[in-house]
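A.B. asks: This structure is in C-alpha cells; I'll ask about it shortly.
The values are calculated or read from the model by the stated rules, or taken from the named source; none is laboratory data. Because the structure is a prediction, the values reported are computed rather than measured. Glycine also receives a Cβ, built like all others from the backbone with ideal geometry; neighbour counts cover every protein chain displayed. With ligands, DNA and RNA removed, areas are computed over all heavy atoms of the protein, side chains included. Shrake-Rupley method; radii C 1.70, N 1.55, O 1.52, S 1.80 Å.
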Amino acid sequence: MFLSRTKKGAISFRPVITFNRWMTGRPAPTKAKIGLRNRPALGSLADSSLDMPMRRRTFLVSLATWLVGTTSLTRARMIHGHAPWSPYPNSAPELVRPGPWQFFTLDEARAMEAIVDRIIPPDPETPGGKDAGCAVFIDRQLKGPYGASQNLYTLGPFTKGTKEQGPQSELTPGELYRKGLAALNKHCTSTHGGKSFVELSPTEQDDVLRKIEAGEIKFEGVDAQGFFSALLKDVPEGFFSDPIHGGNRDMVGWKMIGFPGIRYDYRDWVSRHNERYPLPPVSIAGRSDWTPAKS
Amino acid sequence: MVRKLPRKDVVIIGLGWTGSIMAYELADAGLDVIAIERGPWRNTATDYPPGYAADELRYRIRHELFLSPSQTTFTFRNKMSQTALPIRSWGAFMPPNGVGGGGVHWNAETWRFLPSDFVLKTHLTERYGASFLPEDMTIQDWGVTYDELEPHYDRFEYLCGTSGQAGNIKGTIMEGGNPFEGPRSRPYPNPPQDQPFSHTLFGKAARDLGYKPFPQPSGNMSRPYQNPLGVRLGPCTYCGFCEWFGCGNYSKASPQTTILPVLVRKPNFSARDNSEVVRIDLDSSGKRAAGVTFVDAAGEEWEQPADLVVLSAYTIFNVQLLLLSGIGKAYDPAANTGVIGRNFTHQTTSDVVSFFDPAKFVFNPFIASGAIGMCIDEFNGDNFDHGPHGFVGGGYVGQVQTNGRPIETTPVPEGTPLWGAQWKKAVKENYQSALKPGTGVHGSMYSYRDVYVDLDPTYKDRFNRPLARITMDFHDNEIKQNKFLTDKFAEIFQAMGAKHVQKEYRKAPYDITKYQTTHLCGGAIMGSDPNTSALNRYLQSWDVPNLFVMGASAFPQNAGYNPTGTVAALAYWAADAIRSKYLKNPGQLINA
C-alpha cells in the first residue's frame, strides 16, 4: 500500500518476525481506521510542492566523502508491518587472537611491553600489564577504529582551546603513540648513554615516566604529557576489559578485584548482604575451564 | 534531484521515547503516520544479545550505541567572549542514535517532577520575593501543571512497568515512599527492586539522621510484567550493565520492550531508518509546515509531505533543526529577544566516593541495575527553606549502585598515585568496599540569560550545515546548591561508617569533557507567552501551528530529577491535545 521508493536493492522484506519469549502472541489492540487518505487534509496545505530554494543541494556537499567511511551495511530502510529483523545487525564481537603485532613495530612493541609493566607492575599474586596482554590490547585498538579516530569529529580548523573545551589535537591515537614512542626512545638514548627505554632498569624507567607525568620531560613535536595521559587511560582498559579484546588475559584483572565478569544472574545474591560472591569470572568468550582439555 | 514521497497525515522526526509515544497515539487515532529516524533500527534480541552486550569497552568506552561525532557534533564555549570549538569526542553528555533513542541506553530512573517545579517562577517569587533570585536567571513557569500531567505520568509508568514505592496516593502519605512527591492516582505497577547491601545501609543511616529514604523509581523490572499494550518484560537479573548498554534481557523499559512491537504492526504506521531529516519545510506563507526533507544513507534526498509534523529528536537537535528551518525567532542574548535557543540548561551533579574497611564491608558492586537505588528528596526543588542558604534549586541524593564495571568503577582514595604498584594495590583493596554512587547528587540547573544555543559561524557537519553552538557555564547559584547537597550527601556516608569520604564537588567552569548526564534541557521551551517561549502549553509551535516539538527541549529550566518521566508525560499530554482538540480544529490551540 505504501509506495516504497527507497534506493533499489535497499529493501529486503523478511517474513513477519516471531517475537521473543517475553512477547505475547496476541494481536495489537489497534483501533486504526484506515482510509483516512480520503478525508480532507489537516489544515490548509495548498502549496507544499512549491519548488524549494537551491540551497538543499548544499547538504550533499561532503556527503560522498563521509559515506566512504561508513559501513556499507548502513542502508535506509522502509519499515512497515513488522520489525526489520535480521540476525546480529550490530555484528558479533571480534575476538582478538594472539599473533604478530598489527600496529606496533617490534621495537615499539618491546617499549610498550616495558611501559605497561611499569604502569601495572607484576606482584606475587597478579601478573603485570605485559603478561596480562595490555600491549597486545593497545596494539589491536590502535590498528582498529580507535587508533584512527574513525568515528570522531576530525574536521578543522584546529585551534587549541581551553581545558574545558576538550582535546583539539589533530593527531589520532595511532599517530600519538607512534610519535610518543619515538620521542621517548630519543629522550632515553640521549640522556642515558645510548640506552633505550627497554634497556633501563625498572627504577630508571619509573623515574622517566614520573618525570613525563610531572611535565619535567618534554618531547619534541609531540605532547609528552598527552602521550602519558593516553597510556593512563589505555593500559587499565587493557587490564580490565573483556579478554576478547586481547588484554586481561585469563581474566587476571577481574580475578584480582573479584569482578565475576558478565552473564551472571544475581537475583539469588542481591539480598545476601555483606557476603562475598563466590563464583569465578566469566567472559564473553566463556571460561576456559568450561572447555574440556584436549587429551 | 529531490524526490517527493506520497503525503502522510503525520511525519515524526526521531523514533525514541517521544516519537514512539506520539506515533502510537496518533496511529491509534487513525492517522497515517511515518517516522523518520537518523540511526538504524534496533532489536532487543539481535542488537544487544546478553551473550555479548555486557562489553564495557565496546559500549561504555567506545560508545557504540551513540551518535558518532563524525556524523555530527556541537561546538562549545563557556562565555560569549570565547571562540567555540567542536566537541570531537563525547564527554559531558551522550547523544543517542537509532530507533529507541536514549530509551535504549538509559538507566531507567523514572521520576516525576514536583508540583512546584511546573510553576517555579511564581512559586519562588511568592515564597522568597523576586529579589531573592539572581538578576540574570531566566526561570519560567511551564504553562502546564502537575495535576494536568498526572494521568500522563501514570500512563508512562504503567507502560514501562515502573518498580517503586508510592509516597503520596491521592494526598495520603505512604510509609516507605517519597513523602515529597505530588499526589499520584495509584501505586506503581511493580514493587521496588531488591536492594543490595549498600542501599540498606544508606537507608538506615538516612533514617537515623531524620530523613525519609525511599527506593528509587526504576524502569528495571522487579518481576515479570505485561504492560497495557500486551507487551511482556522479564525480571531484572541485576547484571550491572544498564546505562550506556542495551538490555538484551527485556528487563529494562525501552521503546523496544514496551511500545514498538505493537506500533510496528499497525497498518497505518511506517518508519524509515538511517535517514536524517535536514529541514522542516514550510509552505509559501512560512506559517505552516509542509513536511520534511531528509537524506537517506545512500545520500538521496527526499521530501516527505505531511499535514502534521512532530519534532521529537534529542534536545539540542530539536533546537538546531528549528534554527536551520527558520522556524521561530532565534534567541539573541545581547538584545534579550527571540526564543529558539533560549533557556538552555544541563545538570549540576556531583559525586561522593566513600571508602569502608575492606575487612568488614563487602558490597559486591557488580550486583546492580541502572535505576536501583535508595534516595532522599529532602533537598530537592523547594522541599526545604532556601531562605538561609542564598540559592534556589536542589536535587535528590542517593546511593544508586549502577555498576561494578572495572574500567569505570575502580575508585581509589585521593592522593593515591595514578599508576604503578601503589595504584594497583589500592584498586585491589578498595574494589569491594568502596561506594561510588551511579547517580550521587542529581541537582537542578536553572536557566540564565547567557546560557543558550545558536548556530556556529565556523564549524560544519557532513552536510555542510552549521553545527549547533553551546554557550554554557555554571553560575554561583548552582555552585552553592551543589556544595550544600554534596555536604549533606557525604554526611549520610559518614553515618554509614565510612572511614574516608571523598567529596567531589561540581565546580565552575562547566567542563564539556566531564560526563554528568545526558539530560540536556531547554532551547525550545514551552510557556504561556510567545515572546519568551517557543511552544505553547501543548508543545505546539507558536509560529507554525501544525508543528509540535517533543522532549526536554521544552523544559524552561531543569529540575533536580531525571527527565524521562516528564518528557514522556508531556508527549502523552500533547498527543491527547492533538487527538481531543487539534484534529477537530487544526489551528493554534492557544490564542496569545
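A.B. asks: Which distance in nm do the two modelled labels at B:THR172 and B:ASN591 give, with both placed 7 Å along the Cα-to-Cβ direction?
C.D. replies: 4.5 nm
A.B. asks: At a Cα cut-off below 24 Å, give the lysines reachable from B:LYS170, other chains included and same-chain residues fewer than 8 away excluded.
C.D. replies: Within the straight-line cut-off, B:LYS170 pairs with B:LYS212.
A.B. asks: Still on this structure: Can you list the equivalent-ellipsoid semi-axes of the protein assembly as shown, largest first and in whole Å, using the square root of 5 times each Cα gyration tensor eigenvalue?
C.D. replies: Values: eigenvalues 361, 207, 161 Å².
Gyration-tensor ellipsoid for the protein assembly as shown: 42, 32, 28 Å.
A.B. asks: Hey, another quick one. I'd like the Karplus ³J(HN,Hα) series for the range B:54-61: coefficients 6.51, -1.76, 1.60, θ = phi - 60°, whole numbers in Hz, and an x wherever there's a Gly or Pro.
C.D. replies: 7, 10, 4, 5, 5, 9, 7, 8
A.B. asks: Suppose the chain between B:ARG127 and B:THR416 were pulled fully straight at 0.36 nm per residue; how much longer would it get relative to their current alpha carbon spacing? Mind showing how you got there, number by number?
C.D. replies: Values: separation 289, 0.36 × 289 = 104.04 nm, distance 4.65 nm.
That works out to 99.4 nm of additional length.
A.B. asks: Along the range B:344-350, what does the Karplus equation 6.51 cos²θ - 1.76 cosθ + 1.60 (θ = phi - 60°) give for ³J(HN,Hα), rounded to whole Hz, x for Gly and Pro?
C.D. replies: For the range B:344-350, the Karplus-derived couplings read 7, 9, 10, 7, 10, 9, 7 Hz, x marking Gly and Pro.
A.B. asks: Do you know the relative contact order of chain B, to the nearest whole percent, from alpha carbon pairs under 8 angstrom that are 6+ apart?
C.D. replies: Working: 1524 pairs, mean separation 130.3, N = 592.
About 22 percent, as a whole number.
A.B. asks: Are there residues in the range B:340-375 whose accessible area shrinks by at least 40 Å² when all protein chains are included rather than the chain by itself, and which are they (probe 1.4 Å, ligands and nucleic acids not counted)?
C.D. replies: B:VAL362, B:ASN364, B:PHE366, B:ILE367
A.B. asks: So, one more: Return the tail of the calculated pair distribution for the range B:71-178, meaning the percent of Cα-Cα pairs more than 23 Å apart.
C.D. replies: Tail of the P(r) past 23 Å holds 58 percent of the pairs.
A.B. asks: Skipping prolines and chain starts, which residues have an amide H placed within reach, meaning under 5 Å, of the one on B:LYS460, given they are 5 or more residues away or on another chain?
C.D. replies: Amide H to amide H, under 5 Å and 5 or more residues apart or across chains, B:LYS460 pairs with B:LEU467.
A.B. asks: In percent, how large is the relative contact order of the range B:352-469, given Cα pairs closer than 8 Å and 6 or more residues apart?
C.D. replies: Numbers: 176 pairs, mean separation 36.4, N = 118.
Once normalised by length, the contact order is 31 percent.
A.B. asks: Distance between the C-alpha centers of the range B:323-377 and the range A:101-118? Whole Å please.
C.D. replies: Cα centroid to Cα centroid, the span is 40 Å.
A.B. asks: Still on this structure, I have one more. Antiparallel DSSP bridges in the range B:324-440: what percent, to the nearest 5?
C.D. replies: 90 percent
A.B. asks: Determine the distance separating the Cα centre of the range B:460-526 from the Cα centre of the range B:542-592; give it in Å without decimals.
C.D. replies: 27 Å
A.B. asks: Show the residues, 5+ positions off or on another chain, whose built amide H is closer than 5 Å to the amide H of B:GLY393.
C.D. replies: Here nothing satisfies the definition.
A.B. asks: Quick one: net charge of B:ARG42's neighbours, Cβ under 14 Å, K/R +1, D/E -1?
C.D. replies: -1
A.B. asks: Aspartates and glutamates within cross-link reach of B:LYS360: Cα-Cα under 15 Å, excluding same-chain residues under 8 positions apart?
C.D. replies: A:GLU275, B:GLU429
A.B. asks: Separate question: Express in nm, to one decimal, how much length is gained between A:THR191 and A:SER86 on full extension, taking 0.36 nm for each residue of separation and deducting their alpha carbon distance.
C.D. replies: 31.9 nm
A.B. asks: Once the Cβ-Cβ distance between B:ASP208 and B:HIS500 is put in as r, and R0 is 25 Å, what FRET efficiency do you end up with, to the nearest 0.05?
C.D. replies: 0.80
A.B. asks: Let me ask something else. Find me the longest stretch of chain B that has none of the exposed GluC sites (Glu not before Pro), where exposed means in a DSSP loop (not H, G, I, E or B) with at most 15 other Cβ atoms within 10 Å.
C.D. replies: Numbers: sites that count: B:GLU135, B:GLU175, B:GLU414.
In short, B:176-413.
A.B. asks: Enumerate the lysines that B:LYS287 could reach by cross-link, defined here as Cα to Cα under 17 Å, with residues fewer than 8 away along the same chain left out.
C.D. replies: Partners within reach: B:LYS329.
A.B. asks: Mind giving me the nanometre distance, one decimal, between the label points for B:SER185 and A:THR105, set 7 Å out from Cα along Cα→Cβ?
C.D. replies: 7.2 nm
A.B. asks: Give me the distance in nm between label points sitting 7 Å out from Cα along the Cα-to-Cβ direction at B:ASP136 and B:SER580, one decimal.
C.D. replies: If labels sit at B:ASP136 and B:SER580, their model points lie 4.2 nm apart.
A.B. asks: Here is a follow-up. Which one of B:PHE366, B:TRP419, B:GLY394 is farthest out on the positive end of the charge dipole of the range B:340-454, using unit charges on Cβ (Lys, Arg +1; Asp, Glu -1) and the Cα centre as origin?
C.D. replies: Comparing the listed Cα positions along the dipole, B:TRP419 ranks first.
A.B. asks: Okay, moving on. Note down the magnitude of the dipole of the range B:201-307 about its Cα centre, charges +1 on Lys and Arg C-beta and -1 on Asp and Glu C-beta and zero elsewhere, to the nearest 20 debye.
C.D. replies: Using only the charged Cβ atoms, the result is roughly 960 debye.
A.B. asks: Which whole-number percentage describes the relative contact order of the range B:85-197, with Cα contacts under 8 Å and a sequence gap of 6 or more?
C.D. replies: This gives 21 percent for the range B:85-197.
A.B. asks: Which chymotrypsin sites (Phe, Trp or Tyr not before Pro) does the range B:353-430 hold that lie in a coil by DSSP with at most 16 other beta carbons within 10 Å? Spell out each step's value before the answer.
C.D. replies: Working: sites: B:PHE355, B:PHE356, B:PHE361, B:PHE363, B:PHE366, B:PHE379, B:PHE384, B:PHE391, B:TYR396, B:TRP419, B:TRP423; in loops: B:PHE356, B:PHE361, B:PHE363, B:PHE366, B:PHE379, B:PHE384, B:PHE391, B:TRP419.
Qualifying residues, ordered by number: B:PHE384.
A.B. asks: With +1 on the Cβ of every Lys and Arg and -1 on the Cβ of every Asp and Glu, and nothing else charged, how large is the dipole of the protein assembly as shown about its Cα centre, in debye rounded to the nearest 20? Numbers along the way, then the final one.
C.D. replies: Values: 95 positive and 88 negative charges, 493 e Å.
That gives a dipole near 2360 debye.
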